[in-house]
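Quick note: the coordinates plus some simple rules give every number you see, no bench work behind them. Nothing here was measured: the structure is a model prediction, and the numbers come from that model. With ideal geometry, Cβ positions are generated from the backbone for all residues, glycine too; neighbour counts draw on all protein chains shown.
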Amino acid sequence: MSQDTFAIKSDPALWEKLDMDVERFSNIPPMLTGAYQGVFLEQKNRPRAMSYFDGMIENIFSGRIQEMAGAKEEGRPVVGTFCVYVPEEIVQAVNGVCVGLCGGSPGSIPDAEKVLPRNICPMVKSAFGFKVGRICPYFQVVDFVYGETTCDAKKKTWELLNEYVPTHVMEIPQMKRERDKRLWVDEVKDFKTEIEKISSKKVTYENLQDAIRLLNDKRRAMQRLNDLRHHTPSPISGKDMLLIQQIAFYDAPQRFTEKVHALCDELEERIAQGDAVAPASTPRIMVSGTPMALPNWKLHNIIETSGAVVVNEESCIGTRYYKDTIDENAQTVDEQLERLTERYMQIDCSCFTPNEERIGQVLKEYKASGAQGLIDYCLQFCHTYNIEAVKLRQMCEKEGIPFLAIESDYSQEDIGQLQTRVEAFIEQIQG
Ligand code: SF4
Ligand code: SF4
């Protein structure tokens, strides 16, 4: 897609119908168009198949919202979520639509700070502010949202969010013992009952099996893509990979899976032809830590404009979302829910204690990606990831892995300082 023709589309009539603040929101598509052109379209030698994902961004506030509004008119539930622990298979089983609502923009934070305290994680504030300011069409199109009890900032925000949009909460235990698993399975069953009640549709063995297969296929496609991007030299940039992983949270699963496979086919050709986005000598960096929700491209842009390439994201908008699949061999709905819970229990978010498996997982991904240094990214005021960075640092010291811990928010103020630190880190890798 060329820089001159790319433009994020507006749809004021649709936004009006969704009770948005249309006047204010009308400024967002041109602003995001400019940012997207600078961050993504200026890259050289992108895979041709990225044009689909560029198109998803062009339609982010129009075409995809129309699809979701159309699903609602057909009586299908549209459910907003904030965490990869909420089992989307169950929403899919009743033919519902699941959309990730985590906020990655600083624009809505002043709205949130009219209500919430300032010193909490920017992701929570950004998402909450979108609803308060009526400046996110996804928040406006959902029938209800499903929060969880992962971190303190989120679980207390749901109580306030419920004043603006029906907010259900799923309890996620903070340990992974047998008794926690039993609680978790019960929570998944309650979630199923709630979704059945809201949608007036039953979750059956057949529709749940179809949903499990559909989402397993999506996760397998993402695994294939991530394996291919690990090749040296990199056939795709880290920025484009991050973008695809962000789009995974709002695109229709089947279409998304097909497009990811089409991209994988092209990457295989590129690898065979030695066609890469950067020379083999380019320093390779893996990023771990807190998720980067759309349009948070800050760290990747700094790394890749400083002469390195990002080769892996150990994050919920990254491998944590797709590294595990659900066992498809269950014979009853109860067994399916057990297998589903087992898969979700493998997600290694820092809100769990102990969480040793994450440290091993980071090392495994580091080795598989051919990275030469690890940057751990933590959103400001995210205590669990921030404290867990201590263990990552210890592991890196033991393994001789260059390590840099970064704490940041969504503002532009620290870009110069981050750039300096990232450049020094790249020099350290290069020796
Ligand atoms: S980082 Fe933890 S709380 Fe956040 S989306 Fe991932 S699993 Fe959920
Ligand atoms: S980044 Fe940390 S503080 Fe923010 S929502 Fe996720 S777990 Fe909570």
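Structural remarks
- Sequence ranges 91-103, 208-220, ranked by mean other-Cβ count within 10 angstrom, highest first: 91-103, 208-220
- Flagged links, alpha-carbon separation over 18 Å, of Lys155/Lys201; Lys154/Lys189; Lys323/Lys367; Lys17/Lys131: Lys155/Lys201; Lys154/Lys189
- Listed peptides 286-298, 167-179, 312-324 by packing density, highest first (mean Cβ within 10 Å): 286-298, 312-324, 167-179
- Sparse-neighbourhood loop sites, GluC sites (Glu not before Pro) in region 74-170 - DSSP loop, at most 11 other Cβ within 10 angstrom: Glu74, Glu163
- Taking a point 7 Å out from the Cα of Ala69 in the direction of its Cβ, none of the residues of region 82-111 has a backbone N less than 12 Å from it.
- Look at the alpha carbon pairs under 8 Å that are at least 6 residues apart: their mean separation over the length of region 261-395 gives a relative contact order of 31 percent.
- Summary value for the chain: 16 percent relative contact order, contacts being C-alpha pairs under 8 angstrom separated by 6+ residues.
- Estimated at 0.36 nm per residue, the fully extended path between Asn45 and Gln254 surpasses their Cα-Cα distance by 72.5 nm.
- Projecting the Cα atoms of Ser288, Asn95, Leu225 onto the charge dipole of the chain, computed from C-beta unit charges around the Cα centre, puts Ser288 farthest toward the positive end.
- Hydrodynamic radius by Kirkwood, which averages 1/r over all alpha carbon pairs of region 127-201, in angstrom: 13.7
- Spatial offset of region 58-76 relative to region 267-286 amounts to 37 Å, using the alpha carbon center of each.
- Ranking Gly129, Ser10, Leu392 by Cα position along the charge dipole of the chain, where only Lys, Arg, Asp and Glu carry charges on their C-beta atoms, puts Leu392 farthest toward the positive end.
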